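What follows is a short report on a single structure.
The values are calculated or read from the model by the stated rules, or taken from the named source; none is laboratory data. Every value quoted in this text rests on a predicted model; they were computed, and no experiment measured them. Positions of Cβ are backbone-derived with ideal geometry, glycine not excepted, and every protein chain shown enters the neighbour counts. All accessible areas refer to the heavy atoms of the entire protein, side chains included, with ligands and DNA or RNA removed. Shrake-Rupley method; radii C 1.70, N 1.55, O 1.52, S 1.80 Å.
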Amino acid sequence: MEKAKIEKYGNELYEALKSNTMIEPITSRESDITIEDAYAIQDVFIKRRIKDDGVKVIGKKIGVTSKVVMDMLGVHQPDFGYLLSDMIYSDGDEIDVTNKMIQPKAEGEIAFVLKEDLMGPGVTTADVLRATKFVMPCFEIVDSRIKDWKIKVQDTVADNASCGYIVFGGQGVNPRDVDLTTCGLTLEANGELLHTGAGAAALGSPVNAVAWLANTLGSFGVGLKAGEVILSGALCAMVTIKPNDNMTINVGGIGSASCRFV
């Protein structure tokens, strides 16, 4: 795709974010768009966020880690996006989804906070565990600037992997003190159990997902940095959010995170 179109779609996504509006799927307008094109559009979008909004990159996220979502999007590998400094909420916070989000959904995940850099290629799961300061439960509140969530993988990649907000639990756990493959997750809304999941839902283990990200970014000359937060992928299905919802996730051996939407 020519540079002018990449700039156009990156700017279009930025303006949609700022105006809280949706755009038509890019894939419906550019039938030959590649994954590489989509990441180039994402780069334009992120640079606008940094330049115009004064935010900083504080980590990365991995998406499309479950077989169900891969089959839905017709892909066989995850994608990634960037976490920015204005996306963060703490356990128990209220989040304004009425005025600040378009079509939000919640996912339960395990977040990794790094104490050492990870630079691919060649990063192993042992490297990930050694480089991790602690893990904690988190909600990823995903959102899409693409109309009605009618996305193909190129759409969500261009849209910074459908990033919205992140809600971190109030505790951190040494990743060696919990089995990240078998740990169970429950997601409740307004006291009702909606979904269950396990660490194995994210590429067999959240540790595998972080290793994949380090190696994939390494091929672009980009590393995971000490102090960054890495979201390792959803462990259960997405839940549509409504104002006045109260949601909680619990991850076995790690802890819980909760938030209220207004």
Förster-model FRET efficiency, 35 Å R0, Val57 and Thr240, C-beta, rounded to 0.05: 0.80
Place a point 7 Å from the Cα of Ile35 in the direction of its beta carbon; the residues of region 144-176 whose amide N falls under 17 Å from it are 152-162
State the percentage of accessible surface on the chain attributable to carbon and sulfur atoms; use a 1.4 Å probe and exclude ligands, DNA and RNA. 51
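With respect to the cross-link table entries Lys47/Lys225; Lys3/Lys60; Lys18/Lys147; Lys51/Lys133; Lys3/Lys51; Lys51/Lys150, which display a Cα-Cα separation exceeding 23 Å?
Values: Lys47/Lys225 19 Å; Lys3/Lys60 25 Å; Lys18/Lys147 15 Å; Lys51/Lys133 30 Å; Lys3/Lys51 19 Å; Lys51/Lys150 29 Å.
Correct reply: Lys3/Lys60; Lys51/Lys133; Lys51/Lys150.
At 0.36 nm per residue, and after removing the present C-alpha to C-alpha distance, how many nm does the segment from Lys225 to Ser19 gain when stretched out fully?
On the way: separation 206, 0.36 × 206 = 74.16 nm, distance 3.17 nm.
Taking 0.36 nm per residue and subtracting the Cα distance, the gain is 71.0 nm.
Once the Cα gyration tensor of region 84-194 is diagonalised, what are the square roots of 5 times its eigenvalues, in whole Å and ordered largest first, as equivalent ellipsoid semi-axes? Display every interim value, and only then the final one.
Working: eigenvalues 143, 77, 38 Å².
Semi-axes, largest first: 27, 20, 14 Å.
Which helices count as membrane-span-like in the chain under these terms: full DSSP H, at least 15 Å along the axis by C-alpha, Kyte-Doolittle mean of -1.0 or more?
Values: long enough: 3-19 (24 Å, -1.04); 35-53 (26 Å, -0.55); 206-218 (18 Å, 0.83).
Counting only whole DSSP H runs, the qualifying helices are 35-53, 206-218.
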What the Cα atoms of region 147-195 span along the principal axes, largest first and in whole Å, is 40, 29, 21
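In percent, what relative contact order does the chain have, based on Cα pairs under 8 Å that are 6 or more apart in sequence? It would help to have the intermediate numbers written out before the result.
Details: 610 pairs, mean separation 70.8, N = 262.
Relative contact order comes out at 27 percent.
Write out the trypsin sites (Lys or Arg not before Pro) in region 125-200 meeting two conditions: DSSP loop, and at most 14 other Cβ atoms within 10 Å of their Cβ. Display every interim value, and only then the final one.
Working: sites: Arg130, Lys133, Arg145, Lys147, Lys150, Lys152, Arg176; in loops: Arg145, Lys150, Lys152.
Filter output for region 125-200: Lys150.
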Considering all alpha-carbon pairs of region 181-262, what whole percent are spaced by more than 23 angstrom? 35
Please compute the length gained on full extension between Gln171 and Asn11, using 0.36 nm multiplied by the number of residues separating them and subtracting their Cα-Cα distance. 53.9 nm
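Out of the chymotrypsin sites (Phe, Trp or Tyr not before Pro) in region 177-262, which ones are loop residues according to DSSP with at most 12 other C-beta atoms within 10 Å? Could you put the intermediate results ahead of the total?
On the way: sites: Trp212, Phe220, Phe261; in loops: Phe220.
Sites meeting the loop and neighbour criteria: Phe220.
Classify region 108-257 as rounded, prolate or oblate, taking a ≥ b ≥ c as the square roots of the eigenvalues of its Cα gyration tensor: rounded when a/c is under 1.5, otherwise prolate if a/b is larger than b/c and oblate if not. Could you put the intermediate results ahead of the total?
On the way: a/c = 2.00, a/b = 1.21, b/c = 1.66.
It is oblate, given that a/c is not under 1.5 and a/b is not larger than b/c.
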Exposure of Asp71 as accessible area (Å², to 10), given a probe of 1.4 Å and all protein chains: 90
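Compute, for region 131-262, the length of the dipole vector about the Cα centre, with Cβ point charges of +1 (Lys, Arg) and -1 (Asp, Glu) only. Units Debye, rounded to 20. Working shown, then result.
Values: 9 positive and 11 negative charges, 50 e Å.
With Lys and Arg at +1 and Asp and Glu at -1, about 240 debye.
Calculate the dipole size of region 51-203 relative to its Cα centre from +1 charges on Lys and Arg beta carbons and -1 charges on Asp and Glu beta carbons; express the result in debye to the nearest 20.
Values: 15 positive and 23 negative charges, 93 e Å.
It works out to roughly 440 debye.
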Could you check what % of the DSSP bridge pairs in region 51-193 are antiparallel, to the nearest 5? 90
Could you tell me how many cubic angstrom of Cα convex hull volume the chain has per residue? 113
Between Ala200 and Glu2, take the C-beta separation as r, use R0 = 41 Å, and let me know the FRET efficiency to the nearest 0.05. 0.45
Bin by bin, in steps of 5 Å, what percent of the Cα pairs in region 1-75 do you find, going until the bin that has the longest distance? 3, 13, 20, 22, 21, 15, 5, 0
